[in-house]
Amino acid sequence: MKSVKIKSPATVANLVCGFDVLGMCLHEPYDEMEIRLLSERKVVIESTDGYPLPKDPALNTAGAPLLEILKATDEEIGFDVRIKKNIKPGSGLGSSAASASGVVVAANHLLGNRFSKEEMVQFAMFGEKVASGVKHADNVAPGIYGGITLIRCIFPLDIVSISSPPLFVTVVHPQIEVKTSDARQILRKEVLLKDAIRQWGNIAGLVTGFLKEDYDLIGRSLEDIIIEPVRSILIPGFDRVKTQCKEAGALGGGISGSGPSLFMLSKDEKTARTVEGIMKETYDQLGLDYYTYVTTLNQQGCSLINQHQHEVL
Ligand code: HSE
């Protein structure tokens, strides 16, 4: 049977001010998966990483999108998925999205590339629904399109790719788990008009900063007065990391997705490494285990590891 191997990268949702509407794709970390086409209508999920994720495809972030793909065809096909997750669930680095978008891109390849990127995002959002109870696309869209994406609208889906100047991204993942569903639950359901005005000014400023390659404007716009004040309470060391990294020359940053990972953007690698040092020192002093990554924007998104379909078993 035909099979493909795929790399499905981490993504940073929200980009500070753009809750549920902005996201970017990173080179590291990434999940690895192998998807095999079956000749009967079923989805089989196997994980090789030891995370206790549901095996029932309807409850699994990789399984749910594949079940939707089966609904879209009456062919006698199915999928067997082996996942090695390197992006820890509950990290804020788009772990569920990596599973969902990776399998959709792989399945599309196995089916002769019959779906558009937008259709693939539609399928992948079923995985996000399983993970957080809500269909948001700010991780799966950058995972499938690559680069930075704006989700202008979910219903109907309207995704815009945003170009940007070169950016280095430093990420620290303190080893605590924050479930996206919990991190959404604690948010206020209403915002004041004056806060909304400031927030949409920042979103417009950030997008314009990316497009005009204006680093100062990007830095000024990385401000979130609605979500961050609520969620940052869950993340030890947040204020210190943010303040010290900006003093060291980072453009700015904040919570990655729903946390607990934090990310900072820098113009050059030297600053990105200094920022990594500040993050390490902070969490060493707090006595909290962590991982750090110094990486760059991934313009490709999910990518096949071997381009040639091959025989297995
Ligand atoms: N926009 C989503 C949230 C992203 O912040 O809840 C979750 O990765």
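The values are calculated or read from the model by the stated rules, or taken from the named source; none is laboratory data. In this text the structure is predicted, and so the values were computed from the model without any measurement. Neighbour counts run over all protein chains shown; Cβ positions are idealised from the backbone, glycine included.
Residues checked against (1) more than 22 Å from residue 284 (Cα to Cα); (2) charged (D, E, K, R); (3) surrounded by fewer than 24 Cβ atoms within 10 Å (Cβ to Cβ):
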site	(1), (2), (3)
219	yes, no, yes
225	yes, no, yes
228	yes, yes, yes
234	no, no, yes
247	no, yes, yes
255	no, no, no
258	yes, no, no
261	no, no, no
query = So which pairs qualify, if the first residue must be in the stretch 223-242 and in contact (Cβ under 8 Å) with a residue 60 or more places away in the chain and more than 15 Å from the ligand (Cβ to nearest atom), the second must be part of a loop (DSSP other than H, G, I, E, B) and of a type outside the set (S, T, N, Q), the Cβ gap must be under 7 Å, and the two must be at least 6 apart or on different chains?
reply = 223/16; 223/17; 236/288
inquiry  = Being touching a residue at least 40 places away in the same chain (Cβ under 8 Å) and more than 30 Å from residue 187 (Cα to Cα) narrows it down to one residue among 28, 40, 34; which is it?
reply    = 34
Matching residues, the stretch 151-178, being assigned by TED's automatic domain parsing to the domain that holds residue 115 and within 13 Å of the ligand (Cβ to nearest atom) = 151, 154
task = Name the residue, out of 199, 122, that is touching a Phe, Trp or Tyr at 6+ places or on another chain (Cβ under 9 Å) and more than 15 Å from the ligand (Cβ to nearest atom).
result = 122
request  = Out of 90, 133, 112, 143, report the one residue that is surrounded by fewer than 17 Cβ atoms within 10 Å (Cβ to Cβ) and within 29 Å of residue 175 (Cβ to Cβ).
outcome  = 133
key: Elements of type strands (runs of 3 or more DSSP E) in the stretch 1-66, at least 3 residues being within 15 Å of the ligand (Cβ to nearest atom)   = 2-13, 22-38
key: Every residue from the stretch 37-84 that is among the charged types (D, E, K, R), within 15 Å of residue 102 (Cα to Cα) and at pLDDT below 95   = 46, 82, 84
message = Yes or no: the stretch 130-150 includes at least one residue that is touching a residue at least 60 places away in the same chain (Cβ under 8 Å), farther than 18 Å from residue 12 by Cα and not small (Gly, Ala, Ser).
response = yes
request  = Would you mind telling me which numbered condition in (1) surrounded by 24 or more Cβ atoms within 10 Å (Cβ to Cβ); (2) at pLDDT below 95 residue 179 fails?
outcome  = (1)
key: In the stretch 192-216, residue surrounded by the most Cβ atoms within 10 Å (Cβ to Cβ) [restricted to those that are more than 22 Å from residue 20 (Cβ to Cβ) and of a type outside the set (Phe, Trp, Tyr)]   = 214
key: Matching residues, the stretch 2-37, being hydrophobic (A, V, I, L, M, F, W, C) and on the phi > 0 side of the Ramachandran plot   = 15, 16
